[in-house]
1. With +1 assigned to the C-beta of every Lys and Arg and -1 to the C-beta of every Asp and Glu, and no other charges, what is the dipole magnitude of the chain about the Cα centre in debye, to the nearest 20?
2. Using alpha carbons only, how many angstrom separate the centre of region 1-30 from the centre of region 81-138?
3. Out of all DSSP beta bridges with both ends in the chain, state the antiparallel percent to the nearest 5.
4. For region 96-138, what is the Kirkwood hydrodynamic radius in Å, using each pair of distinct C-alpha atoms?
5. Return the Rg/Rh ratio of region 24-109 with Cα-based radii and a Kirkwood Rh.
6. What FRET efficiency comes out for ALA15 versus LYS116 if R0 is 41 angstrom and r is the Cβ-Cβ distance? Round to the nearest 0.05.
7. Taking only protein heavy atoms into account and a 1.4 Å probe, give the accessible area per residue of the chain in Å².
8. List the GluC sites (Glu not before Pro) within region 28-78 that DSSP assigns to loop and that have no more than 15 neighbouring Cβ atoms inside 10 Å.
Amino acid sequence: MASFKDVLKKHNLKATSQRLAIHEAMMELGHASADMVTEYINAKWESKVTLASVYNNLSQLALLGIYGHRLSSNSKMYFDVSTSRHMHLYDRDTHEFRDVVDEELLDTVETKLKRKKYKGYKVDYVDVQIVCHSTQKK
């Protein structure tokens, strides 16, 4: 939590109890939507937070690069505590994300795509999301 407070200070943001609660929830959940974080906080603490407030804070922290973010097929924004270079498995049934770390594969895909010419565009980076579904019986 101390390093999170340092990052907030670096961006001239106060370490409010709400931001600290949001960060604690994100560290526990890993990948989460604002409603998941709101549920987590409201279940754990006596003080309640609103979905709008949580979403605004998560969005601000994502824009600063403290969290990653991605849109799911159910049109929800999901936030990610890992900002390192990685891919995602996205379960289209449960809307859950799992990190996939495979530097060799990501390098191969990125190198190939950066060599291609897209008229009027230059590739900055590659963000891979592998859409899947569970093969496990429920």
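1. 580
2. Result: 27 Å between the Cα centres.
3. 75
4. 12.9
5. Value, to two decimals: 1.01.
6. Using R0 = 41 Å, I get an efficiency of 0.40.
7. Result: 68 Å² per residue.
8. Sparse-neighbourhood loop GluC sites (Glu not before Pro): GLU46.
The values are calculated or read from the model by the stated rules, or taken from the named source; none is laboratory data. Since we're looking at a predicted model, the values are computed, not measured. We place every Cβ from the backbone using ideal geometry, glycine too, and count neighbours over all the protein chains shown. Side chains included, ligands, DNA and RNA excluded: accessible areas come from the protein's heavy atoms. Shrake-Rupley method; radii C 1.70, N 1.55, O 1.52, S 1.80 Å.
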